[in-house]
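Q: Below are the structure tokens for one structure; questions will follow.
Every number here is computed from the coordinates shown, using simple stated rules; none is lab data. The structure presented is a predicted model; accordingly, all values stated were derived computationally and were not measured. When we count neighbours, we look across all protein chains shown, and the Cβ atoms used for this are built from the backbone with ideal geometry, even at glycine.
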Amino acid sequence: MLELKKVSAGYGAFKALFDIDMSVQAGEAVGVIGPNGAGKTTLLRVISGLIRPWSGTITLNGQEIGGKPAYEIVAAGIAHVPENRRLFPRLTVEENLKIGAFVHSARGQLRERLAWVYDLFPRLKERRNQLAETLSGGEQQMCAIARALMSRPTILLMDEPSAGLAPVIVDQVFELVQRIREEGFTVLIVEQNIQSLLDVVERAYLLEVGTIKLAGTAAEMREHPFVRTAYLGM
Amino acid sequence: MDTFLLEAMINGILLGGVFALLTIGLNLIFGVIDVVWIAYTELVMVGMYAIYCLYSGLGLPLLVACLIAVAFVTVLGALVHFLIIAPILDSPPINQLLATGGLLFFLQSFATLLFTTDFRNIGVRLPSLQLGGMFISTARLLAFIVALIAVTCLYLFLKYTYWGLAIRAIAQDRHIIGLMGIDQRWAYGITSAIGGALAGLAACLLVLQYDIQPFIGNSFGPIVWMNCVFGGLGNLVGGFLSAFIVSEIIAISGYYISTDLSYACAFAAFIVIMFFKPRGIFSK
Amino acid sequence: MKRNLLFLLGVVVITAVLLLIGVPVYTMHILVQVLLWGAICSGWTLLGRFGITSMGHGAFVGIGAYGVVLLWNHLGITPWLGVPIAAAAAMLLAFAVGYPCFKLRVVGRNFSLVTMAMAVVVQLTIIAARDVTGGSLGLTPKAQTSAPLLALQFPNKNVAFLFALGFWLVVLWVMTRLNASMTSLSLAASAEQEDAAEAIGINVAREKLKVLLLSAAVTAVGGALLGQYLMYINPETLSGSPVSLQILYASIAGGMYTVLGPTIGSGLTLALTESLRVLFGTRFIGAANTIYGLMLILFVIFMPQGIWGTILSKLQGRTSRRARSLL
Ligand SMILES: Nc1ncnc2c1ncn2[C@@H]1O[C@H](COP(=O)(O)OP(=O)(O)OP(=O)(O)O)[C@@H](O)[C@H]1O
Ligand SMILES: [Mg+2]
């Protein structure tokens, strides 16, 4: 459903992605791994329209979305949970969620959507009138994911949802991801926490210095000698 | 207590209402778009001339003239954004300062060209209220009440509507705003239009108190600026409060010292505050 | 060095020719003002080119002009002494505002706002002290008819021109010297990254302060000479924020990364306002400044490097890194 063909992108004169080919099927969970600075975040940014691709095509259900502004891409059904969560610190939890429902298709259903995400994340309901900056790291991550879900995306992009969280909380985050999958969402996750990631995704790509070095099912990746030595430390 | 001092203080608070409008307008633009509109109070001047033309020139009822003037300045605010600010959004902040400074020259001179530097007024003077030996200006009382109502409306807009929410969110993190499905250009345009509307409203309230001349913006501009910095640039609540604090300082020191020097004192205080509390007196 | 000598020689020759063939008085009047404003703008640029944008140099112009005239009119101190005293006063103000600013890292837009407030304070104080300064009505230096030069008053435009030229040349010399100095290097380094510069042992605050003081002194002397030349000063035209803005615009219009840029900017600004004034006469007051304001806006949007800077970079076929990143 999401398809990237020979996508290149970068910042200023600096090229960070080189001819990326990648696809995500409906209902699938796909992971992207790679060392720091590989271009993982850049990849998500170019899909969600935060930066424009330099070349190549990005299609969603056959429709070209490459180069469209971010606000149109959200409306087309791609939501992005950015790196470091990026909640609006001085808006309340509920306001953060409400702004996630800014797209026209979501506005009419604010109540239902809120009830639904509160159902998914009861903790957020308890804290809905609290300023986002006062949430704990784990709660902030929940809130960021919930905010993205408010637009009822067809694909959810997540950038290192477990970064900076204590091990117990990391496990909770991956449980969350699992739950979201069970709700029927298609997800594309960037993670450093490769063990746990490979438990929740079906396929994964390995990105190194802006190119895709390896691709395969979770099991294949886990068994691959290169991944094992370089990333899983075995 | 000395009734003259009390009178000065009450008038100071009443004056604060209009300053609060302008401070919030400028602070909103600053916080959301992150540009400095040097020419903001010139929009007030334009609004005052608009009312003058519509009321004294065309003979429209005052209320109608005011409504049209507010609409006109609202559009002008948006135009300033789309024509001048939008093309240089990514330039260094100083360019934006310079461009709006050019706008200041332009608006003042254009008004001089059209209306000369003669003082004009619409010939409406509201009587003073007498209250236990004190004279309270009705025009100021009216301005105060209307300003408070307007600020309340703005609060409700920012608090409860989608675009209001978007505008507040942008001020906190402008880079990911697209991910929420918000078109930043619209949000900026709306913000500038609101800024214009507040300036237009201030014009309606001030036209009842002051004569109109092309440089009248100079009499409010620096004060409004100072209020913004006092309250913390971009901080709406801080700006609102500091508008009252500053106008009270001016009223009281104007009572004890001379008016000219009281303004100079206020600016000197401003400089010192910038040293120690560059984010405003309410910052931690 | 050789180029500088050549330049100086050229200036001397041109001056000699101008004086010999006799230039119309009106042209001379414009030339004097271009040189003086050019020097003032160059003084502003000393600081401005490091990305430190003062919007308050009008305060120094005002202190220079008013200081000299007040000392002369009220205390009978000759402007020959008055100029250094006024320059020292301007430096004192620059120190009082600049020291905390640079120490506490009030930079960028905030520095611009602080300096703007400084100019407003000076202007309001001049207006408020109307008993000695004449307030908004302005002030005329007491004429010294017997030996005008003793009171730094110019008997004719040619003498004024020579003075202005001399001052202008000194300022240009200061400018080139500063460009070649350590201070300049370390400030250029700190313009990019203050912390990094501090880390390699540069006292950024002190270097900035030095340049600010120098810049204030130059501007004050320029203001004093302008006052002496025009023989009339008032708080609108020779102090305060409008003047500050005009200095800024002229410097930037000319381009502040070249030695002649600020002067060219002042020349163009004056030529423009004068010709618009002549064109529209007194029938359309405000028309000239309307067009001026409009041009400023267009200018910032379409030619952010300044006229001279744009021409130079076109000639060189490239944009210097600094010229691109700063205005
Ligand atoms: N805003 C930016 N401007 C310039 N260069 C950038 C920007 N963001 C990222 N880069 C560069 O692009 C390259 C890829 O960065 P990216 O953030 O995509 O890496 P990443 O794989 O997400 O790394 P990490 O695991 O540390 O998050 C890096 O070399 C980085 O320095
Ligand atoms: Mg990343």
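Q: Give the order of B:Val35, A:Val227, B:Val124 when sorted by the count of other beta carbons within 10 angstrom, beginning with the fewest.
A: Placing the least packed residue first, the sequence is B:Val124, A:Val227, B:Val35.
Q: Quantify how strongly other chains surround peptide C:297-303 by giving the mean number of their Cβ atoms within 10 Å of each of its Cβ atoms.
A: 6
Q: Within a 10 angstrom radius of the beta carbon, how do C:Met55, B:Met180, A:Met22 rank from fewest other beta carbons to most?
A: Working: C:Met55 25, B:Met180 29, A:Met22 19.
Fewest-to-most ranking of C:Met55, B:Met180, A:Met22: A:Met22, C:Met55, B:Met180.
Q: Could you tell me which of rounded, prolate or oblate describes segment B:171-274, using a ≥ b ≥ c as the square roots of the eigenvalues of the alpha-carbon gyration tensor, with rounded for a/c under 1.5 and, failing that, prolate when a/b is larger than b/c and oblate otherwise?
A: It is oblate, given that a/c is not under 1.5 and a/b is not larger than b/c.
Q: Shifting gears a bit: Can you tell me the FRET efficiency between A:Gln195 and B:Phe282 if r is taken as the Cβ-Cβ distance and R0 is 30 Å, rounded to the nearest 0.05?
A: 0.05
Q: Could you run the Karplus curve 6.51 cos²θ - 1.76 cosθ + 1.60 with θ = phi - 60° over segment B:37-53 and give me ³J(HN,Hα) per residue in whole Hz, x for Gly and Pro?
A: 8, 4, 8, 4, 6, 5, 5, 4, 4, 4, x, 5, 5, 4, 5, 4, 5
Q: Beta carbons within 10 angstrom, averaged per residue: use that to sort the peptides C:14-20, B:187-193, A:55-61, B:23-29, highest first.
A: Values: C:14-20: 11.7, B:187-193: 22.0, A:55-61: 16.4, B:23-29: 27.9.
The peptides rank, most packed first, as B:23-29, B:187-193, A:55-61, C:14-20.
Q: To the nearest 20 debye, what charge dipole does segment B:3-215 have about its Cα centre, counting +1 at the Cβ of each Lys and Arg and -1 at the Cβ of each Asp and Glu?
A: 300
Q: Quick one: 3J(HN,Hα) in Hz for segment C:169-181, Karplus 6.51/-1.76/1.60 with θ = phi - 60°, rounded, Gly and Pro as x.
A: Each residue's phi maps through the Karplus curve to give 5, 4, 5, 4, 5, 4, 4, 5, 4, 5, 4, 8, 8 Hz.
Q: Let me ask something additional. Take segment A:184-234, drop everything but the C-alpha atoms, weight them equally and run the Debye formula without solvent; then report log10 I(q)/I(0) at 0.17, 0.21, 0.27, 0.31 Å⁻¹ to two decimals.
A: Values, matching the q order: -0.48, -0.74, -1.20, -1.48.
Q: Which residues' amide hydrogens lie under 5 Å from the amide hydrogen of A:Glu160, considering only partners 5 or more residues apart or on another chain, with H built in the peptide plane?
A: A:Val190, A:Glu191
Q: Give me a comma-separated list of calculated 3J(HN,Hα) values for segment C:10-27, in order, Karplus coefficients 6.51, -1.76, 1.60 applied at θ = phi - 60°, integers in Hz, x for any Gly or Pro.
A: Rounded to whole hertz, the list is x, 4, 4, 4, 4, 4, 4, 4, 4, 5, 5, 6, x, 9, x, 4, 4, 4.
Q: For segment C:18-65 and segment C:83-142, what is the separation of their C-alpha centers, rounded to whole Å?
A: Spelled out, the Cα-based centre of one part sits 18 Å from the other.
Q: Please order B:Phe282, C:Phe161, C:Phe302 by the number of other Cβ within 10 Å, starting at the fewest. Don't skip to the answer; put the middle values down first.
A: Numbers: B:Phe282 15, C:Phe161 21, C:Phe302 10.
Exposure proxy ranking, most exposed first: C:Phe302, B:Phe282, C:Phe161.
Q: Would you compute, from DSSP H runs of 4+ residues alone, the mean residue ellipticity of chain A at 222 nm, taking -39500 (n - 2.57) per run and dividing by the full residue count, rounded to the nearest 500?
A: -11000 deg cm²/dmol
Q: Can I ask one more? Calculated FRET efficiency, A:Thr229 and C:Ala180, Cβ-Cβ r, R0 60 Å, to nearest 0.05?
A: Numbers: r = 57 Å, r/R0 = 0.95.
Between A:Thr229 and C:Ala180 the formula returns 0.60.
Q: Of A:Ala144, A:Ala75, A:Ala29, which has the largest mean-square fluctuation in a 10 Å C-alpha GNM of chain A?
A: In the Gaussian network model the winner is A:Ala75.
Q: Report the residue, chosen from A:Pro35, A:Pro161, A:Pro82, that carries the largest GNM mean-square fluctuation when chain A is represented by alpha-carbon nodes joined by springs under 10 Å.
A: Looking only at A:Pro35, A:Pro161, A:Pro82, the largest GNM fluctuation is found for A:Pro35.
Q: Taking each pair of distinct Cα atoms in chain A once, what is the resulting Kirkwood hydrodynamic radius in Å?
A: Details: mean 1/r = 0.0557 Å⁻¹.
Evaluated on chain A, it is 18.0 Å.
Q: Further question on the same structure: I'd like the distance between the alpha-carbon centres of segment A:181-234 and segment B:68-126, rounded to an integer number of Å.
A: Here the two parts' Cα centres lie 57 Å apart.
Q: Could you work out the relative contact order of segment A:1-115? I mean the mean sequence separation of Cα pairs under 8 Å and 6+ apart, divided by the number of residues, in percent.
A: 23
Q: While we're on this one: Please state the shape class of chain C: rounded when a/c is under 1.5, otherwise prolate if a/b exceeds b/c and oblate if not, all from the C-alpha gyration tensor.
A: rounded
Q: For the protein assembly as shown, list log₁₀ I(q)/I(0) at each q in 0.08, 0.10 Å⁻¹, using the Debye formula over Cα point scatterers of equal strength and ignoring solvent, two decimals each.
A: Here log10 of I(q) over I(0) equals -0.83, -1.14.
Q: Using a ≥ b ≥ c from the Cα gyration tensor of segment B:45-196 (square roots of the eigenvalues), is it rounded, prolate or oblate, where a/c under 1.5 gives rounded and otherwise the larger of a/b and b/c decides, a/b for prolate?
A: oblate
Q: Could I ask something else about it? Please list, in chain and number order, the residues 5+ apart from B:Ile212 or on another chain whose amide H is under 5 Å from its amide H, with Hs placed from the backbone.
A: For B:Ile212, whose amide H was placed from the backbone, the distant partners under 5 Å are B:Arg120, B:Asn121.
Q: Also: How about segment A:144-234: which GluC sites (Glu not before Pro) there are in a DSSP loop, with at most 12 other Cβ atoms within 10 Å of their Cβ?
A: Those satisfying the criteria are A:Glu183.
Q: Restricting attention to the protein assembly as shown, give the cysteines that have no other cysteine Cβ less than 4.7 angstrom from their Cβ.
A: When partners are defined as cysteine Cβ atoms under 4.7 Å apart, the protein assembly as shown leaves A:Cys143, B:Cys53, B:Cys153, B:Cys228, B:Cys265, C:Cys41, C:Cys101 without one.
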